[in-house]
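Undergrad: Submitted below is the structure of interest, expressed as structure tokens.
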Amino acid sequence: MKKVAALCLVFVLALALSLPAAASVPGELLIWSDGERAPVLTAVARKFVAEYGISVKIQELPFGDIRDNLAIVAPTGEGPDIIVGAHDWLGQLVTDGLIEPIDIEDPSLFVQSALDAFTWGGQYYGIPYAIESIGLFYNKDLVGEDGIGSFEELEELTKNELAPKGIYGLVLPQPDPYHTFPFFSVLGGYVFGFDEEGALNALDVGLANAGAVEGFEYFEKLLDEGVIARATPYDTMMSLFQNGQAATMMTGPWAFGDVRAAGVNYGFTQIPSYKGQFGKPFLGAQGFMVSAFSENKMLANIFLNEFVATKDTMLAIYEGDPRPTAFLPAAEIINEDPDMRGVMEAAEKATPMPQIPAMNSVWTAWSDAIELVINQQAAPKAAIENAVETIIQTIRDSM
Amino acid sequence: MYRKHGILGSLWRHAVLLVFVVFALFPILWVISASFNPANTLVGQGLIPPNPSLDNYREVFTSEQYPIALWIKNSVVIGLITSTLVVIMTSFAAYAFSRFRFKGRRTGLFASLLIQVFPQMLAAVSIYLLVLSIGRLIPALGLNTHAGLIMVYLGGAMGVNAWLMKGYLDTIPTSLEESAMIDGASPFQAFYMIILPLARPILAVVFMLQFIGTYSELILASVLISSTEKYTLAVGLQLFIQDQYASRWGVFAAASVLGALPIVLLFLFLQKHLVTGLTSGAVKG
Amino acid sequence: MAKLVKGVFLGILNVVFIWTALFLYSSEAYLVLVLLLLGAALVNFVFISERAYPYRYLLPAAFFMILLVVYPIVYTVYVSVTNYGTGNILTKEQVITQLQERRILDAEAGNYTYQAYRDGEGQLWFVFTGPQGELLLGHAGELTPVQEGDARLARLAEFTELARADLVRATNEISALSFALDEARQLQMRNINYFGVYRPQYQYSRERDELLDLESGIIYQPVLGYFQAPDGTRLTPGFREIIGFHNFSKLLTNPQVTGPFIRVFIWTVQWALLSVATTFSVGLFLAILLNDPHLRLRRFYRSVLILPYAVPAFISALIWRGLFHTELGVINRVLQATIGSGVPWLQDPVWAKVALVILNLWLGFPYMMIVCLGALQSIDVEMYEAALVDGASSWQQFRHITLPLLMVSVGPLLISSFSFNFNNFSVIYLLTRGRPPIVGAQTPAGHTDILISYTYRLAFESGRGVDYGLASAVTLVIFLITGAITFFNFRFTGALEEVRKNV
């Protein structure tokens, strides 16, 4: 037994000596990035080390996981200093107390709508690098060089030329509220209205107002007439457009790669008008945010302002994943590309996707209403009015 | 049970099996098709892509940003270690449940099965916090270590697997151990030298199931492991399909196809253990 | 020898216990410490007492189970009585710290440029230049107005002036500094180029547990996870705190839950039953075929048939979704070509359920096949030989020998497979997401929603964002239901009864 006791003592000493040091080390930046941005950030990090001798680590994780994991990891002090993310996370991250306002040295360098998207309570919470909205891809061989200006024009063309050849006029992902929103917004629908102070009002849901219903009914009409292919998920939509079985496709700049790879002679422009009005798609902005639990907040600000908000970095980010830039000095160069001009044009008409957490309750009910209409199981007006009732009830319940 | 069958007998058997082979393979053929499709769609219009190419596979092997071969290696190592430990621990537990009578036995059996079906929604959050604090005590078992991840997987050792093995041991007659114990063997020796060899098929089954389960586990691994070079394949693959609309299906499919190979190889290897049943000879000793 | 091994093993374990206990004691985690000591006592008892011999075999597996399976359950129970969710993620301490760090920039006071010096002892000295060109010497939190040519400034020349790169390296140090400009305002680092004039926004009083807004004088008191003003205005972020059984009552009285409950519950049970029945019957059937030593190509068949299990379910489910597509999917194109009409797979409630069962069969039969292949090995061939002598048919052999013996090991598995599918959120999510929706329904429950997919949706798509507290309550209620069903199953099938030995 004595031997055992002696052994115990040795172990205790050995283990006590190996007690871990403190977990997080100030003076070293950690960035959570998605895959597209990671290589660029790695290169920028190298410059930062060369300049200041401060090391910057990049940890790559799936885009959506960045938000989810931050809520788990950051409060324990093991989290990152900087994250890459989307503006519509803002409401959740700010009310959770997970991100910190950012001091943008020169806001005039950024596209205003992108800054607005990253503003909460009058403060900037992110340095935007890209904006995006959906627009219209068109097959030049099917609809001509200039594309389509209005939905009425598209209807005509489909009836007279495309349908007889078995080609759809338009494809879009279904049921997908994000992609269908322009039909709701074209004649005045909106998701959340604003209160007197200019903040979003979660109880004012405008998806079933007169304009929204009229737009939604028009969407149904296009389905019924066979202008829009019915019930296409994203993937099916893409292959229809790639194979020339659809003349136009409503989606965003993320699809450029796939469309080019298929060798389609395409163009990209804003969403067509209906009754002379242009449908407003959602605007999304992506940017860099600083964790509220960062031990290096000032350093993170320096890194972002001096090394990321530069023409070189922003161009590199664009090269790695071509989305319209939110950084004006880089925009001049990028806009020489006709695709990007089209995207900028589409984005100008866009309205920022609401960032408030109540947005969570909107998607399913809204998507269900769209699906019922696609499946011809309900009329647009009844379906969307029912959905809005459900949405408001859900939001009210949790207040 | 199995007699030699005539031509008709083997014909219907092969016919039925072929139907299931088609059922099993058909969706997988689409995965394979996508892996050769440079156009990056998952459900193309035909099974044979218009311009098949090896681009996706080339990327799998050469990408510096995504060391897929390394991820597969990580997954295989973690899977093998976890499965080995689980088989050892499970067989211990199953032996006790099958051969001893003790207080709390029935409760334990029931509880071990019941808590396995607890919806694991918050498991990731709680296990993260747990491993974080374990890591502060013992850094080698902390966050972002394979050892920590393996430890977490060991939590599943006493569950369905233990039941499966216990049921199997129940069907093995006790006469062999009894005679060994009369010859002076301790219960542990009887377990080790007599029961375990007889239980080989079920050990192989548990090993296989645990390996596949560990190999494809995603949620815990993605929360606990945080550096790219330590990712498991399941976590790494998510990087290709992270964007709702811009997923890189081609590479994802190619890596999935390659990732399935270790499972198939392991299964080929374990097959002979899986189907070496009890022969009368073995039981009679 | 065995005794020595046991002694050393127990010794090592005890070392770990003692060391952990010391660590826990020093970090004041007394509750965990007590649990640990109880656990240690138990381990020692089990290894020393001969009566506790059987428990030695259970200990390793039970240890990891308690640590990693039971702990999450306990955690879920804890979260279910809290308001944990969007807006209430942090602890109250963290929120107080954050709010106290909030500061208001006095924009009119302008920016102060600065030069920093480090003296021989590593102390920092600053010379600030205000907006009107006034000079301030800053050191150790104090500011001294100085004039050009002051002797105190001249002394700085002996120190090392920090260049820009040095400043960047020292940001963490510098940004932690604060120089009192007057009673209310401080000079603090604004960015690398400037210091700014700041006032703190809130002051927390620990005695009164309230937060004072120094600007407006409004007092915020903690109410339901938020610091709240008398007029009901809440400060964000909120904090998490125990709110009792609020989540449970919310769940059980919410018409969005109680309304569709019966309908959803019935489908959940049907779904679980169908899943087990289809996967098990196909798996067993294939296992019996493939166990036949006379069958050619057995190894080939077996390897091919486990493939669905080897490919990530994520990708295969999406492939299936494509195959099931009503107009363009392969299944319907084949049906069109052969019987002339397709099936509205994902639009029709019944067909959507059929599609789910098919997908789950595809995903699940290899598992059952492997299990049955293994379990079949325990059946003594002699028994069949005896049956043959008695002239039993194949079916009789299956019915009276194979199935009952197989059930010994596989029976409990079927029960657990039932419970698993009862909560098999991921398959539903990957294929249908609960769709198709119900026409005119006032709740977001779809035709194929099972209990857990629907209630989780309520918790994750709540009006405030994500509601983990509610989700945990949901988990526990569903666990109760599953547990009751499992228990009933065990009683009913006698799986817990002692198995006849030496069959």
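Undergrad: Where in the stretch A:222-329 are the strands (runs of 3 or more DSSP E), entirely inside, with at least 2 residues that are open to solvent by 30 Å² or more (accessible area, probe 1.4 Å), of a type in the set (Phe, Trp, Tyr) and over 30 Å from C:Gln188 (Cα atoms)?
TA: Filter on the stretch A:222-329 gives an empty set.
Undergrad: Here's something else I'd like to know. How many of the residues making up the stretch C:271-292 are touching a residue at least 40 places away in the same chain (Cβ under 8 Å) and surrounded by fewer than 17 Cβ atoms within 10 Å (Cβ to Cβ)?
TA: 1
Undergrad: Another one. Scan the stretch C:322-341 and tell me whether some residue there is aliphatic (A, V, I, L, M), under 19 Å from B:Ala24 (Cα atoms) and at the interface with chain B (Cβ under 7 Å from one of its Cβ atoms).
TA: Within the stretch C:322-341, one or more residues are aliphatic (A, V, I, L, M), under 19 Å from B:Ala24 (Cα atoms) and at the interface with chain B (Cβ under 7 Å from one of its Cβ atoms).
Undergrad: Inspect all residues belonging to the stretch C:44-52 and state whether any of them is open to solvent by 40 Å² or more (accessible area, probe 1.4 Å), part of a helix (DSSP H, G or I) and farther than 19 Å from B:Arg136 by Cβ.
TA: Yes, the conditions are met somewhere in the stretch C:44-52.
Undergrad: List the residue pairs whose Cβ atoms are under 7 Å apart, where the first residue sits in the stretch A:192-205 and is open to solvent by less than 50 Å² (accessible area, probe 1.4 Å), the second is of a type in the set (Val, Ile, Thr) and part of a strand (DSSP E or B), and the two are 6 or more positions apart or on different chains.
TA: Partner pairs satisfying both residue conditions: A:Phe192/A:Val205.
Undergrad: If you go through the stretch B:163-177 one residue at a time, do you hit one that is within 20 Å of the chain's Cα centre (by Cα), in a helix (DSSP H, G or I), closer than 30 Å to C:Ala473 by Cβ and within 8 Å of chain C (Cβ to nearest Cβ)?
TA: Yes, that holds for at least one residue.
Undergrad: Looking at C:Leu289, C:Leu273, which is the one that is within 7 Å of chain B (Cβ to nearest Cβ) and assigned to a helix (DSSP H, G or I)?
TA: One residue alone meets the criteria, C:Leu289.
Undergrad: Oh, and also: Within the stretch C:209-226, which residues are in contact (Cβ under 8 Å) with a residue 40 or more places away in the chain, surrounded by 14 or more Cβ atoms within 10 Å (Cβ to Cβ) and out of contact with any Ser or Thr (no Cβ under 9 Å at 6 or more places or on another chain)?
TA: C:Pro222
Undergrad: Among the residues in the stretch A:334-356, are any within 14 Å of chain C (Cβ to nearest Cβ), open to solvent by 20 Å² or more (accessible area, probe 1.4 Å) and under 17 Å from the mean Cα position of the chain (by Cα)?
TA: Yes, because at least one residue in the stretch A:334-356 is within 14 Å of chain C (Cβ to nearest Cβ), open to solvent by 20 Å² or more (accessible area, probe 1.4 Å) and under 17 Å from the mean Cα position of the chain (by Cα).
Undergrad: Between a residue in the stretch C:378-399 that is among the aromatic types (Phe, Trp, Tyr) and any residue that is surrounded by 11 or more Cβ atoms within 10 Å (Cβ to Cβ), which pairs come within a Cβ distance under 7 Å, given they are 6 or more apart or on different chains?
TA: C:Tyr384/B:Met1; C:Tyr384/C:Gln397; C:Tyr384/C:Ile401
Undergrad: Ok, one more. Of all residues in the stretch B:93-107, which are within 7 Å of another protein chain (Cβ to nearest Cβ) and either closer than 24 Å to C:Asn489 by Cα or crowded, with 23+ Cβ neighbours inside 10 Å (or both)?
TA: Scanning the stretch B:93-107 gives B:Ala93, B:Tyr95, B:Ala96, B:Phe102, B:Arg106.
Undergrad: Quick test for you: out of B:Ile28, B:Ile81, B:Ile72, pick the one residue that is more than 9 Å from chain C (Cβ to nearest Cβ), at pLDDT 85 or above, open to solvent by less than 60 Å² (accessible area, probe 1.4 Å) and in a helix (DSSP H, G or I).
TA: Only one candidate passes the filter, namely B:Ile72.
Undergrad: Being closer than 25 Å to C:Trp351 by Cβ, in contact with a Leu (Cβ under 8 Å, 6 or more places away or on another chain) and of a type in the set (D, E, K, R) is the filter here; which residues of the stretch C:276-334 pass it?
TA: Across the stretch C:276-334, the qualifying residue is only C:Arg321.
Undergrad: Could you check the stretch C:122-194 for strands (runs of 3 or more DSSP E) lying wholly inside it with 1 or more residues that are buried (at least 18 other Cβ atoms within 10 Å of the Cβ) and in contact with a helix residue (DSSP H, G or I) (Cβ under 9 Å, 6 or more places away or on another chain)?
TA: C:124-129, C:135-139, C:186-189
Undergrad: Look at C:Pro260 and say whether it is closer than 30 Å to C:Ala441 by Cβ, in contact (Cβ under 8 Å) with a residue 60 or more places away in the chain and not assigned by TED's automatic domain parsing to the domain that holds C:Phe128.
TA: yes
Undergrad: Would you say C:Tyr456 is under 33 Å from the mean Cα position of the chain (by Cα) and at the interface with chain B (Cβ under 8 Å from one of its Cβ atoms)?
TA: So C:Tyr456 passes the test.
Undergrad: Just give me the residues in the stretch C:307-365 being within 29 Å of the chain's Cα centre (by Cα) and part of a loop (DSSP other than H, G, I, E, B), in sequence order.
TA: C:Val311, C:Pro312
Undergrad: Still on this structure, please answer the following. All but one of (1) crowded, with 24+ Cβ neighbours inside 10 Å; (2) in contact with a strand residue (DSSP E or B) (Cβ under 9 Å, 6 or more places away or on another chain) hold for A:Ser367; which doesn't?
TA: Every listed condition holds for A:Ser367 apart from (1).
Undergrad: Right, here's the next one. Among the listed residues A:Phe282, A:Phe288, A:Phe278, which satisfies the condition of being touching a residue at least 60 places away in the same chain (Cβ under 8 Å) and closer than 25 Å to A:Glu78 by Cα?
TA: Among A:Phe282, A:Phe288, A:Phe278, only A:Phe288 is touching a residue at least 60 places away in the same chain (Cβ under 8 Å) and closer than 25 Å to A:Glu78 by Cα.
Undergrad: Taking the stated definitions as given, is B:Ser222 over 16 Å from the mean Cα position of the chain (by Cα), closer than 23 Å to B:Gly156 by Cα and outside any helix (DSSP H, G or I)?
TA: No; evaluated as a whole, the condition is false for this residue.
Undergrad: Looking at (1) out of contact with any Pro (no Cβ under 8 Å at 6 or more places or on another chain); (2) buried (at least 22 other Cβ atoms within 10 Å of the Cβ); (3) not hydrophobic (A, V, I, L, M, F, W, C), which is the one condition that is false for A:Asp106?
TA: (2)
Undergrad: Of all residues in the stretch A:193-209, which are in contact with a Gly (Cβ under 7 Å, 6 or more places away or on another chain), away from chain C (no Cβ under 14 Å) and not in a loop (DSSP other than H, G, I, E, B)?
TA: A:Gly193
Undergrad: While we're on this one: Has the stretch B:33-50 got at least one residue that is surrounded by 13 or more Cβ atoms within 10 Å (Cβ to Cβ), part of a helix (DSSP H, G or I) and touching a helix residue (DSSP H, G or I) at 6+ places or on another chain (Cβ under 6 Å)?
TA: Within the stretch B:33-50 (the criterion being surrounded by 13 or more Cβ atoms within 10 Å (Cβ to Cβ), part of a helix (DSSP H, G or I) and touching a helix residue (DSSP H, G or I) at 6+ places or on another chain (Cβ under 6 Å)), the answer is yes, since at least one residue qualifies.
Undergrad: Would you tally the residues in the stretch A:44-73 being away from chain B (no Cβ under 12 Å) and open to solvent by less than 50 Å² (accessible area, probe 1.4 Å)?
TA: The qualifying residues number 7.
The values are calculated or read from the model by the stated rules, or taken from the named source; none is laboratory data. Predicted model only: the values in this text are computed from it and were never measured. We place every Cβ from the backbone using ideal geometry, glycine too, and count neighbours over all the protein chains shown. Accessible surface is based on the protein model in full, side chains and every heavy atom, while ligands, DNA and RNA are left aside. Shrake-Rupley method; radii C 1.70, N 1.55, O 1.52, S 1.80 Å.
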